[in-house]
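**Student:** Structure provided below as C-alpha cells; questions to follow.
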Amino acid sequence: MSYFSRMFGCGVFIVAEIGKNFIQTPAEESVAEYLARAKALVDAAAAAGVDAVKFQTHELEDEQAPLADVVTPHFTETDRYSWVARNTRATPLAEFWQPLAAHCRSRGVTFFSTPMSRGAARKLNRLNVPFWKVGSGDILDFVLLDYLAATGKPIIFSTGMVSLAELDEVINYLRRRRAGKLSVLYCISEYPCPPAQFNLATIEELREKYPEVDIGFSDHSLGHEAALAAVKLGAKIIEKHFSLSREFWGSDHQVSMLPAEMATLVTAIRAGDYRLVDEKKFYGERERELEGANNRFRPYFHRALAAAADLPAGAALDRESIYSLRPLARLNGLPAHRFELVLGRRLKRPLKKYEVIQEENLA
C-alpha cells in the first residue's frame, strides 16, 4: 500500500496541477482577482473528484538570475525573469496563499504547491503543507533539496529533466539526509507530450529498482488514456494539469485537462476502468534511458550556485550565503548539485550578490 493510500484513503492519489493557471491574461491583474480565479479552479477540481490540488510557488529573489532575455521554448510570450517576477507579485503569503489553503480545506481537497526555490519553500512551510513536490527542472537543485530534506516531510519529484544516473544520485542524497517518504513521478517534459514519446515501461523499472519509493506519473499529454495506462502499470499517483479553458493566456493552459475531462479520468480510475486500456502503445521498453537526460529544457531550468549576498574574501560558504539560480547554461557557475561539496569552503576573492560561484573562486 502506498503512502497516499494510507494517509488519504485512496487507491490512486489524483492531483489536479493548477500550477499558475489562475493567470489567464497578458495584462497584470490584482491579487484579489488571481485569488478569485484560483478558488474557482479549486472548486472545479473538487467537483471533479480529485484528491489534491497543486500550485506552483515562486520567490524571485533566489530563483531566477536577473537576465531579461531568457525565453523558454514552451512559453515565448514573455521572458522568464518577468514571468517569475509577476508570479511572485501575484501570490503574497497573507493575501493569496493563506486564504487559498483555507479554501482548499473548506472544499475537502488537499492543498500543496511546488516551491520553485528554497525561498519559496520557506514561504510554503509557514502554511504547514503536508508534503513537498519538486518539479522536473529542480530535481538537481540541492540547495532546495537540502532544505526540504531537513523538514522531514514526504517529497514527490518528477523525472522530466534528469537521467537515470542523476535520479539515482538524488535518491541516494535524500536517503543520506533521512528525508521523509519519497515518491517519483515518471514524466516527459514536453508541452503537450505526443503519446508516441512515452515509455511507460519506466514505471515498472522504477518500481523494481526503488521498492520503497512510490512511483507515479506526471502526464503532459492531452486526454486521459496515457494516465490510465500508467495506473494499469502500477502508478500510485497521477498528476494532470488543470484549467477552465485551453484558450486562456499562460504557460500551461493548452496542455491542461478541463473539468469534465478530469471528472472522466477520476471516474475511470476509481471504477477500475484503467484495466481495459491497451497499455502496449505507451509501453516502450525496459532499461531505456530517461528522456530527461537530453531534454531540451534542461539549459533553461537547471541552476548554478551563486552568492546570496555580497561576500568578502575569506568568507566560509554556509547554507545562507548560497543561492541556486536559473539558467545554468547562461551563468557559467558550479551546478546546484555541487552544493554539498562547496559548503564550508572559503572564498579566494570577494563575490557580489548574484555572482556565480566557480571552482577557481574557492580555497
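None of the figures in this text is laboratory data; all of them are computed from the coordinates on show. Since the model is a prediction, treat every value here as computed from it, not as a measurement. All Cβ positions, glycine included, derive from the backbone under ideal geometry; neighbour counts span all protein chains shown.
**Student:** Could you please find all residues in the stretch 71-95 being in a helix (DSSP H, G or I), in contact (Cβ under 8 Å) with a residue 40 or more places away in the chain and in contact with a strand residue (DSSP E or B) (Cβ under 8 Å, 6 or more places away or on another chain)?
**Tutor:** Across the stretch 71-95, the qualifying residues are ARG80, TRP83, ASN87.
**Student:** If you check GLN24, GLN56, which single one turns out to be of a type in the set (S, T, N, Q) and in a strand (DSSP E or B)?
**Tutor:** Within the list GLN24, GLN56, the selection yields GLN56.
**Student:** I'd like to check something: does the stretch 48-61 contain any residue that is over 21 Å from ILE156 (Cβ atoms), surrounded by fewer than 23 Cβ atoms within 10 Å (Cβ to Cβ) and within 20 Å of the chain's Cα centre (by Cα)?
**Tutor:** Within the stretch 48-61, one or more residues are over 21 Å from ILE156 (Cβ atoms), surrounded by fewer than 23 Cβ atoms within 10 Å (Cβ to Cβ) and within 20 Å of the chain's Cα centre (by Cα).
**Student:** (1) outside any helix (DSSP H, G or I); (2) surrounded by 16 or more Cβ atoms within 10 Å (Cβ to Cβ); (3) of a type in the set (A, V, I, L, M): which one isn't true of ALA68, the others all being true?
**Tutor:** (2)
**Student:** Residue pairs, Cβ under 8 Å, 6 or more apart or interchain, first in the stretch 264-282 and assigned to a helix (DSSP H, G or I), second aromatic (Phe, Trp, Tyr) and crowded, with 19+ Cβ neighbours inside 10 Å. List them.
**Tutor:** Listed pairs, sorted by first residue: ALA268/TYR274; PHE282/PHE198.
**Student:** Among the residues of the stretch 96-118, which ones are assigned to a loop (DSSP other than H, G, I, E, B) and hydroxyl-bearing (Ser, Thr, Tyr)?
**Tutor:** Going through the stretch 96-118, the residues assigned to a loop (DSSP other than H, G, I, E, B) turn out to be 108-109, 116-117.
Hit for the stretch 96-118 is SER117, nothing else.
**Student:** From ALA268, ALA306, ALA315, ALA329, grab the single residue that is surrounded by fewer than 16 Cβ atoms within 10 Å (Cβ to Cβ) and among the aliphatic types (A, V, I, L, M).
**Tutor:** None of the others qualify; the one that does is ALA329.
**Student:** Can you tell me how many residues in the stretch 303-352 are part of a loop (DSSP other than H, G, I, E, B) and within 26 Å of the chain's Cα centre (by Cα)? Before the answer, list the steps.
**Tutor:** Here is the first cut: in the stretch 303-352, the residues part of a loop (DSSP other than H, G, I, E, B) are 303, 308-310, 312-315, 317-318, 327, 332-334, 343-345, 348-350, 352.
Now restrict to residues that are within 26 Å of the chain's Cα centre (by Cα): 303, 308, 318, 327, 332-334, 343.
Going through the stretch 303-352 one residue at a time, the tally reaches 8.
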